[in-house]
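What follows is a set of notes on a single structure, which appears directly below.
The values are calculated or read from the model by the stated rules, or taken from the named source; none is laboratory data. Values in this document were obtained by computation on a predicted structure and should not be read as measured data. Neighbour counts run over all protein chains shown; Cβ positions are idealised from the backbone, glycine included.
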Amino acid sequence: MIYFDQSATSVHKPPEVAEAVALGLRGGYGNPSRGAHDPALHALQEVAKARRAVAAYFGASPLEVAFTFNATMALNMAIKGALTTGDCVLTTPYSHNAMLRPLYEMQDRGMRLDIMPLDQQGGCTLAGIMQHIRPDTTALALNPMSNVTGDTVLLAEIIALCRQRDLLLILDMAQWAGTRPMPHIDNWPRTLIAFTGHKSLYGPQGIGGLINLGQVPLSPIITGGSGTHSFDRQHPGVFPDVCEAGTPNVPGLMGLRAGLQWLTETGPDAVQQRLAMLRGRFVAGLAQIPQVKVYGGEQADAGPVVSINLGDMPSSSLSDALYQKHGIATRSGAHCAPLMHRALGTVQQGTVRFSFSYFNCIEEVDCALEALDALSTQ
Amino acid sequence: MQTLISFHSTHAAMEAELVGEEAGIPCRLVPLPPAIDAGCGLVLLCDSDVSGSIIGLLAARHVPLDGVYDGRSGAWHRRTGS
């Protein structure tokens, strides 16, 4: 099987990740924050080490990192916990439903939501974003890398724009994180960064988090046991506790830390270069295959995602044929990105998405090209 | 003389212990004594003569404290200004 569905989750992970998760299960770890005996303290220390690893990757301080079970949960906490009905939020068609549905929920409660269109080239430019910021816009909710086309935004410039305009920035880094280095930012605006561990950070499923830069006040969305302030009726408001009700996934966090350690040792630049090489070879090969249409992704630094169709063939049929006849795993359909597919005109057909991992190789890319070539002539 | 440092969050408490360990300052987390009013059930215990060093490090690393208490054996007195 050739796996090209990294944007859904990473199947091939560094072996250290599984070893770390296994240690988390058999190492006698207790419930962190729930006691002062060694099993509990050792678990709490593992959580703290994972927090430090995430902070180091994203350029944050450890106590600016809260753990959740995925990016969706983190985005719900950011959007429903930081925004009010008095806010005016701008987002883009790159947004995934993990961002859009909480925004729509807030819109239904009275918050104003603006959605900017893509430009004529199908991109989301800095100028376009600036054009759609109103005088009363208070926040920008942004996925900086489309999970459909791999197109990216000028993240560092947008961060600077938010700082200049004093906009709250809510970033969905589920696709971006791990595929390239984080931009080096000395002076972040108020920013809430949602990430997931199981895609290109190479951790296990069931771990993610929210990074709070600038001490953005958050209301708790999920309340319950915190291990602190037990006689208070309300969940603690201090970050990260405000986002961490209940028992965390300690083995998963140990796996996430191992994934981040592998990423750091491999080097985010080296990872980006390898992914760009695989993507570039694939896109160049696609240009030689009749009937293939590639959607977006024309930027030189697009992320490791390519969406295509073959003539009028439904994307579900093409994806199924790729897997059943050639053992190539892709993702068809709408990719939880309805605005992007509306903008691309692919609501009915969907697209077949190929997304690459550091652990893919040139030979696998060539196999996919041969398979598509064969399917195009049938 | 010993010092207890209390926190608003167990995560801050554990980060404080890691900061102390990295700096080679002997310290450890212990359960919150009943005489101290703090929301977090863990406090950092260290000798008083190294408490200034660790408090300075925690400030530099943005680890917020709740309070600082000096004493021993159940008789803890909140340090002025903490």
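Quick notes on this one:
- First in the range A:253-269 and over 16 Å from A:MET182 (Cβ atoms), second anywhere and of a type in the set (Ser, Thr, Tyr), Cβ under 7 Å, 6 or more apart: A:TRP262/A:TYR202
- Those residues of the range A:70-95 which are farther than 15 Å from A:MET111 by Cβ, surrounded by fewer than 24 Cβ atoms within 10 Å (Cβ to Cβ) and out of contact with any strand residue (DSSP E or B) (no Cβ under 6 Å at 6 or more places or on another chain), in sequence order: A:THR72, A:MET73, A:PRO93
- For the residues A:THR9, A:THR85, the requirement of being of a type in the set (S, T, N, Q), in a loop (DSSP other than H, G, I, E, B) and either without any contact (Cβ under 8 Å) to a residue 60 or more places away in the chain or within 14 Å of chain B (Cβ to nearest Cβ) (or both) singles out A:THR85.
- For the range A:319-349, a residue qualifies if it is more than 17 Å from A:MET1 (Cβ to Cβ) and in contact with a Gly (Cβ under 9 Å, 6 or more places away or on another chain), and the qualifying residues are A:GLY333, A:ALA334, A:HIS335, A:MET340, A:HIS341, A:ALA343, A:LEU344.
- Inter-residue pairs, beta-carbon under 8 Å, first in contact (Cβ under 8 Å) with a residue 12 or more places away in the chain and more than 9 Å from chain A (Cβ to nearest Cβ) and in the range B:11-34, second hydroxyl-bearing (Ser, Thr, Tyr) and part of a helix (DSSP H, G or I), 6+ apart: B:ALA23/B:SER53; B:ILE25/B:SER53
- Among the residues making up the range A:194-248, those that are farther than 24 Å from A:GLY259 by Cα, more than 14 Å from every other protein chain (Cβ to nearest Cβ) and either touching a Leu at 6+ places or on another chain (Cβ under 7 Å) or not hydrophobic (A, V, I, L, M, F, W, C) (or both) are A:VAL216, A:PRO217, A:SER219, A:THR223, A:GLY224.
- Within the range A:25-78, considering residues that are hydrophobic (A, V, I, L, M, F, W, C) and assigned to a loop (DSSP other than H, G, I, E, B), the one farthest from the other protein chains (Cβ to nearest Cβ): A:PHE69
- The residue of the range B:39-76 that is farthest from the chain's Cα centre (by Cα), among those that are touching a residue at least 40 places away in the same chain (Cβ under 8 Å) and within 14 Å of chain A (Cβ to nearest Cβ), is B:ARG61.
- Check on A:GLY237, touching a Gly at 6+ places or on another chain (Cβ under 6 Å) and in a loop (DSSP other than H, G, I, E, B): no
Residues are listed down the side, and each one gets a yes or a no for (1) under 18 Å from A:LEU168 (Cβ atoms); (2) among the aliphatic types (A, V, I, L, M); (3) not in a loop (DSSP other than H, G, I, E, B):
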| site | (1), (2), (3) |
| --- | --- |
| A:GLN205 | no, no, no |
| A:ILE222 | no, yes, no |
| A:VAL242 | yes, yes, yes |
| A:ALA258 | no, yes, yes |
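- Among the residues of the range A:193-236, the one identified as surrounded by fewer than 24 Cβ atoms within 10 Å (Cβ to Cβ) and among the basic types (Lys, Arg) is A:ARG233.
- A:SER33 vs. criteria more than 25 Å from the chain's Cα centre (by Cα) and in the same structural domain as A:PRO117 (by TED's automatic domain parsing): yes
- Taken together, the residues in the range B:23-57 that are among the polar types (S, T, N, Q) and surrounded by 20 or more Cβ atoms within 10 Å (Cβ to Cβ) amount to 1.
- If the condition is being touching a His at 6+ places or on another chain (Cβ under 7 Å) and closer than 20 Å to A:MET99 by Cβ, then the range A:43-73 contributes no residue at all.
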